[in-house]
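The values are calculated or read from the model by the stated rules, or taken from the named source; none is laboratory data. Values in this document were obtained by computation on a predicted structure and should not be read as measured data. Virtual Cβ from ideal backbone geometry, glycine too; neighbours counted across all protein chains shown.
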Amino acid sequence: MDRGVLPPDLMCGLTLTLLSGQPRTPKLDSEGRVSATDGGVWVREQFTCHRPIPADEAFEITGYSTGRYVRRGRSYGTNISETRSAHGELLATNMTTGLLAYKVDEGLEDEVIGIPYDDTSSPVPDWSRAEFNPHRSAIAVARVGDVLGGRDVLMSLAMMAARDTENPDNPIHSDIEKAKAAGLQRPIAGGSHVLAFALEPIMAAWGDEVLFHGARLDVRWKAPTHCDVHITPTATVVHTDDDVVRLAVEVVLESGATAMVADIEIPR
């Protein structure tokens with residue numbers, strides 16, 4: 001952001017930005033207040049960055065819901081979106097999947113409303129953008145087994161609050177009392193915040209814009225990252241050929257649990 005370009009972790013929230021602006025009947029807690037988790041729980045994001053987006057550039061996000069699902073008492077929703085410049089140039093393609101509630105409802109039967117998940121078209125690498133990547137020389141020498149990152153990072157509450165701003169969309173990421181009211185032990189980091197630390201070693205090693213020219217990311221959040229715990233993000237090169245470099249990314253909590261995994265393909 002300091003370099004005047006939106007960082008790639010912010011690209012994964014574009015569909016959610018679209019959804020958050022839609023009118024809906026808010027969920028209320030036991031005291032009649034709007035629930036701190038109104039809007040769902042993010043569990044998977046697939047997206048392609050087609051080109052860098054300057055911080056002062058206007059863009060438009062359009063999208064729609066593809067389906068709703070119930071599996072083993074959990075309700076999910078999937079939505080897709082495109083982000084385009086004021087001139088219609090494609091900037092990002094997103095597919096967002098989220099839980100509609102934290103809690104399992106044992107009374108719900110499995111069902112599919114809309115397009116089955118496996119039949120939904122997900123983002124793919126944009127091979128046409130590879131030639132514009134200014135860091136082609138860095139990824140050209142990537143080899144299977146190369147490891148980036150691996151250092152511990154403290155996910156502090158102060159850091160989470162700074163990222164959340166003074167008017168957060170979902171205060172469970174920075175407000176202790178509202179997190180407790182939502183049934184959490186303490187505030188949890190937002191998904192894009194955890195992803196930011198996972199992507200930082202890649203950009204530090206290969207270049208600030210390496211993920212902006214056609215790269216596809218498939219991210220899954222597997223466990224909450226509570227405030228004031230250490231996380232260890234690691235990215236490992238698992239495949240290379242003339243066309244692509246593929247990375248397996250993992251963020252591990254100090255307890256040993258896996259908080260997030262991702263598959264990243266960078267066209268080359």
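Before moving on, here are some points about what is shown:
- Residues in region 125-168 that are in contact with a Gly (Cβ under 6 Å, 6 or more places away or on another chain) and within 15 Å of residue 202 (Cβ to Cβ): 135, 138.
- Unique residue being within 18 Å of the chain's Cα centre (by Cα), of a type in the set (A, V, I, L, M, F, W, C) and modelled with pLDDT of 85 or more when the list is 99, 6, 19: 6
- Annotation for region 119-135: no member residue is in contact with a Leu (Cβ under 8 Å, 6 or more places away or on another chain) and surrounded by 21 or more Cβ atoms within 10 Å (Cβ to Cβ).
- Condition met for residue 38 (modelled with pLDDT of 55 or more, surrounded by fewer than 20 Cβ atoms within 10 Å (Cβ to Cβ) and under 20 Å from residue 164 (Cβ atoms)): no
- Index of the failed condition, residue 144 passing every other in (1) over 29 Å from residue 240 (Cα atoms); (2) surrounded by fewer than 16 Cβ atoms within 10 Å (Cβ to Cβ); (3) not hydroxyl-bearing (Ser, Thr, Tyr): (1)
- Entirely in region 125-229, the helices (runs of 4 or more DSSP H) that have 2 or more residues that are more than 16 Å from residue 266 (Cβ to Cβ) and touching a residue at least 12 places away in the same chain (Cβ under 8 Å): 157-164, 176-181, 191-206
- Filtered residues of region 151-181 (kept if under 20 Å from the mean Cα position of the chain (by Cα) and under 19 Å from residue 233 (Cα atoms)): 153, 154, 155, 156, 157, 159, 160, 163
- Against the conditions (1) in contact with a helix residue (DSSP H, G or I) (Cβ under 7 Å, 6 or more places away or on another chain); (2) surrounded by 18 or more Cβ atoms within 10 Å (Cβ to Cβ), residue 228 satisfies every one except (2).
- Filter result (in contact with a Ser or Thr (Cβ under 7 Å, 6 or more places away or on another chain) and either outside any loop (DSSP other than H, G, I, E, B) or on the phi > 0 side of the Ramachandran plot (or both)) within region 50-59: 59
- The residue that is surrounded by the fewest Cβ atoms within 10 Å (Cβ to Cβ), counting only those in region 50-80 that are more than 17 Å from the chain's Cα centre (by Cα), aromatic (Phe, Trp, Tyr) and over 21 Å from residue 7 (Cα atoms), is 64.
- Of the residues making up region 95-137, those that are touching a helix residue (DSSP H, G or I) at 6+ places or on another chain (Cβ under 9 Å) and of a type outside the set (Lys, Arg) number 7.
- Top-ranked residue of region 250-268 - restricted to ones that are more than 13 Å from residue 222 (Cα to Cα) and in contact with an Asp or Glu (Cβ under 8 Å, 6 or more places away or on another chain), ranked as surrounded by the fewest Cβ atoms within 10 Å (Cβ to Cβ): 254
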